[in-house]
Amino acid sequence: MERNYRKLWWQHWLAIVCFSVVPLLFVNISLYLLFDRIYTEKVTETLRNSAENRRDAIDLFFNERIAQLYTVANTNTFEQLTDETYLTRVFEIMHAKSNTYMDIGIIDSEGRHLSYVGPFYELLKQVNYKNEPWFNAVRANGIFISDIFMGYRKVPHFIIAVMVRDKSSSWILRVTINLKNIDDIVQKAWIGKLSDAFVVNSENALQTKPRFGGDYLETPTFPEFVSDSFKAHSYPDFSSIATTRVERIDYDGVDAFFAAVRVHNTKWVLVIKESPDEILSPLLKGKYWMVFFTGLGLTIIGTGAALFTNTLINRIKETDRENATNSDMLLQANKMIALSKMAAGIAHEVNNPLAAIAEKAGWMKDLLAEEDIAASPNFSEFNESVDKIEQHVARARKIIHNLLGFARRMEPAKEKINIHNLLEETTGFLENEARYVNIRFVKEYGDNVPVITSDLSQIQQVVLNLLNNAIDAIGHDGTITVSTCYHQKTDEIEIDLADTGPGIPESELNKIFDPFFTTKEVGKGTGLGLSISYSIIEKLGGKIRVQSKVGEGTVFTILLPKH
């Protein structure tokens, strides 16, 4: 019955495409999701580190200012610092090293300004701070960093104050900090074109100026921290922020990453915002490339499947035609097999009478050379007849020899062989099979190996059998070393085939060339391969040897005569 080649084409094409596309899509999607997770974690960690680095910079700034205030307090006496002329010189020295400070003042334990240097002298000199929150905080804690506030100056500012206790009294050294210093530290977190960073206090009031709108003491137009997560339209509880938190939030239609970290010794929280379009742009590019290459892969798979299916279907059509022809030739082939067997039988049967005829013809020729028969007038005819008998016997023997050659190959072929070319061709047959199981061929050919005269096909059969055995012995992940050399003294070519398989026990080494002996599993070997190989090499005038160690591997050595 004729095949439906069109249906077969589509079935085969769909099978190839499905078995190729499903793994491709699975691998690509899995890799993308894995890369997305890893890259997002990396971005989150980078953002976390950035927030903590800026926080540490603010902490360092405050610690340096506090240390400087203690240095001023401890290296100068209370009487010196309450002298405004002397305090002015101290302030000028401090201001010369840094433009951090706006003013400086000494306040006694009752909240009175004992001395002051700064632009608000007339306004602040007579002010009593006894009832101000910051005054009580510094007396309670010894150190105080305030939020930004308006105060008596009516302009945004914040202070750092330290409590100094002498033997007889206690007093406060207070400075006002230039807001630009904190702004500069925070603004270094503005890495991308859409990134932003700012500081807010516990009441969600800005302590620095954001990049995109907002001023000191205003509420930022961003999501806010609460005790558990970022939430829109709610006010934060920054006292709950103990560690750095990073989250991605869609706020009022704007998707962004936010990181928040508590500034030590303050009620401040540093917030950094990054746009996903910027920090995830490599991931987005990767997504586009993945889609592109997936589409390209699908196109290649579809095209390749079509070409391969066309080749296969054409081959099936050709095979069907050959099978149809072969079915007609099968009877003739069977007749030829029968004829071959008959020829072998006839040849053996005729050889014996031919031998007798040849013997008698020789005896008759000897008789003709003796006595007086040579003088007979018919001697020449007798002699000619005997010669013709011998001639036709020789002809009959030649015919019988040809009949035996038809029935079975009697003598090895004699042809010039380049051993290296033979080995390259033979290993080439097994290259793909070996690569599939991660077995590598290592070739170490001698430089002086000559061309030999022997039977190429039979040598190739032996080498192919030994290489197949080596691959079976290794199983997977190993090496087969093929090496050659020429022994000039014995005029022999040596071929060594060494594998890294499990080796052959010593008790079995003397049996491996025996017919039907095999170390393979039942059903996987006949035990005739090495026996046939041994017979072939012996027939070609060579030798075959084996060396093996359990756990190290096996080496088969073939020695072939040059002629």
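Bear in mind that the values in this text are calculations on the coordinates, not laboratory data. Just so it is clear, the structure is predicted and the values come from calculations on it, not from any experiment. All Cβ positions, glycine included, derive from the backbone under ideal geometry; neighbour counts span all protein chains shown.
Would you mind giving the average projected area, over all directions, of the Cα convex hull of the range 76-180 in nm² with one decimal?
On the way: hull surface 25.8 nm².
If you wrap the Cα atoms of the range 76-180 in a convex hull and average its projections, you get 6.5 nm².
Testing the spin-label approximation: label points 7 Å from Cα along Cα→Cβ at LEU60 and ASN432. State their distance in nm.
6.4 nm
Return the long-range amide H neighbours of GLU218 (sequence gap of 5 or more, or a different chain), with a cut-off of under 5 Å between placed amide H atoms.
LEU206
For THR479, list long-range residues whose amide hydrogen, built 1.01 Å from N in the peptide plane, is under 5 Å from its own amide hydrogen.
ARG440, THR500
Rounded to the nearest 0.05, what FRET efficiency do LEU31 and TYR70 give with R0 = 51 Å and r taken as the Cβ-Cβ distance? Could you check? Kindly include the intermediate steps, with their values, before the conclusion.
Values: r = 57 Å, r/R0 = 1.12.
Given R0 = 51 Å and the Cβ-Cβ separation, E is 0.35.
Mind listing the phi-derived Karplus ³J(HN,Hα) values for the range 554-563, rounded to whole Hz, using 6.51, -1.76 and 1.60 with θ = phi - 60°, and x for any glycine or proline?
Values per residue, Gly and Pro as x: 9, 10, 9, 10, 10, 10, 10, x, 5, 10 Hz.
Over the range 76-180, what is the relative contact order in whole percent, taking alpha-carbon pairs under 8 Å and six or more residues apart?
Values: 175 pairs, mean separation 26.2, N = 105.
Relative contact order for the range 76-180 comes out at 25 percent.
With θ set to phi - 60°, apply the Karplus curve 6.51 cos²θ - 1.76 cosθ + 1.60 along the range 41-47 and write out the HN-Hα couplings as whole Hz, x wherever there is a Gly or Pro.
4, 5, 5, 4, 5, 5, 5
Would you list, by chain and number, the aspartates and glutamates whose Cα falls below 19 Å from the Cα of LYS167, excluding same-chain residues fewer than 8 positions away?
Correct list for LYS167: GLU79, ASP108, GLU110.
Read phi for every residue in the range 187-195 and hand back ³J(HN,Hα) as whole Hz from Karplus 6.51 cos²θ - 1.76 cosθ + 1.60, θ = phi - 60°, with x for Gly and Pro.
Taking θ as phi minus 60°, the curve returns 5, 5, 7, 7, 8, x, 5, 10, 7 Hz for the range 187-195.
At R0 = 25 Å, how high is the FRET efficiency between GLU538 and GLU444 if r is their beta carbon distance? Nearest 0.05 is fine. Mind dumping the intermediate values first?
Values: r = 26 Å, r/R0 = 1.05.
Here the calculated transfer efficiency is 0.45.
Amide H of ARG211: which non-local residues (sequence gap of 5 or more, or other chain) have their own amide H closer than 5 Å, using H built in the peptide plane?
Correct list: ALA197.
Can you tell me how much longer the chain between THR44 and ARG89 gets when fully stretched, taken as 0.36 nm per residue apart minus their C-alpha distance, in nm with one decimal?
Extra length from THR44 to ARG89 when fully extended: 11.4 nm.
May I ask you to derive the FRET efficiency for ASN53 and ASN128 from their Cβ-Cβ distance with R0 = 35 Å, giving the value to the nearest 0.05? If you can, show how the numbers build up before the last one.
Details: r = 41 Å, r/R0 = 1.17.
In this case the efficiency is close to 0.30.
Note down the nm distance, to one decimal, between modelled labels 7 Å out along Cα→Cβ at LYS285 and at SER202.
With each label placed 7 Å out from Cα toward Cβ, I get 4.6 nm.
Let me have the relative contact order for the range 415-561, percent, based on Cα pairs under 8 Å that are six or more residues apart. Numbers along the way, then the final one.
Numbers: 260 pairs, mean separation 34.4, N = 147.
Result for the range 415-561 is 23 percent.
On a full-extension model of 0.36 nm per residue, what is the gain between LYS97 and GLU384, subtracting their alpha-carbon distance, rounded to one decimal in nm?
Details: separation 287, 0.36 × 287 = 103.32 nm, distance 13.87 nm.
In short, 89.5 nm is gained.
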